């Protein structure tokens, strides 16, 4: 009888939890049903014309694909807006003759996140990621691949900060 009471108590406590989990490690308040991702603005000095749209769509895809949230409007339970603040290359490895052997493409974004279910989770933060490439290549030749990889990393960083409470 005592074991039955313990078992029932555990079941009641487990069903009373107020956070839902996904296989991605995300913990989202159970009342949260929608997410809004505003179009990223490109305010960097050097502009990649497709980057703002690629970043916006990748963040939407991440939340829709890896959570149970649906896309909503500006009044959604989780709200994101952001801008691309820096986009550029620089040499990072110099070989003999003061010639770069490696260049680095860096993208920096600023993201404002509002969690209407948990105000303590809100943030307004910059994220930066980079990829190095061999200087024998022109940026135009490798840019699409580099940008895709950087965008994926940036989206993972934003997702983790917003909903993975480790």
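Things worth noting here:
- The listed residues are 44, 50, and the only one of them that is in contact with a strand residue (DSSP E or B) (Cβ under 6 Å, 6 or more places away or on another chain) and at pLDDT 65 or above turns out to be 44.
- Any hit, region 143-164, residues being in contact with a helix residue (DSSP H, G or I) (Cβ under 8 Å, 6 or more places away or on another chain), assigned to a strand (DSSP E or B) and closer than 22 Å to residue 45 by Cβ: no
- Unique match (being part of a strand (DSSP E or B), in contact (Cβ under 8 Å) with a residue 60 or more places away in the chain, touching a strand residue (DSSP E or B) at 6+ places or on another chain (Cβ under 8 Å) and under 20 Å from residue 47 (Cα atoms)) among 109, 84: 109
- Subset of region 62-76 (residues that are exposed (fewer than 12 other Cβ atoms within 10 Å of the Cβ) and either in a helix (DSSP H, G or I) or modelled with pLDDT under 95 (or both)): 65
- Residue 105 falls short of the stated requirement of being in contact with a helix residue (DSSP H, G or I) (Cβ under 9 Å, 6 or more places away or on another chain) and under 30 Å from residue 30 (Cβ atoms).
- For region 27-41, a tally of residues being at pLDDT 95 or above, buried (at least 16 other Cβ atoms within 10 Å of the Cβ) and not in a strand (DSSP E or B) returns 1.
- Any hit, region 136-145, residues being under 27 Å from residue 36 (Cα atoms) and under 17 Å from the mean Cα position of the chain (by Cα): no
- Failed item in (1) in a helix (DSSP H, G or I); (2) at pLDDT 95 or above, with residue 129 passing the rest: (1)
- Region 116-126: number of residues that are touching a helix residue (DSSP H, G or I) at 6+ places or on another chain (Cβ under 8 Å) and either at pLDDT below 95 or more than 18 Å from residue 63 (Cβ to Cβ) (or both): 1
The values are calculated or read from the model by the stated rules, or taken from the named source; none is laboratory data. Predicted model, so just to flag it, every value in this text is computed and none were measured. Because the Cβ atoms are built from the backbone with ideal geometry, glycine has one as well, and the counts that use them run over all protein chains shown.
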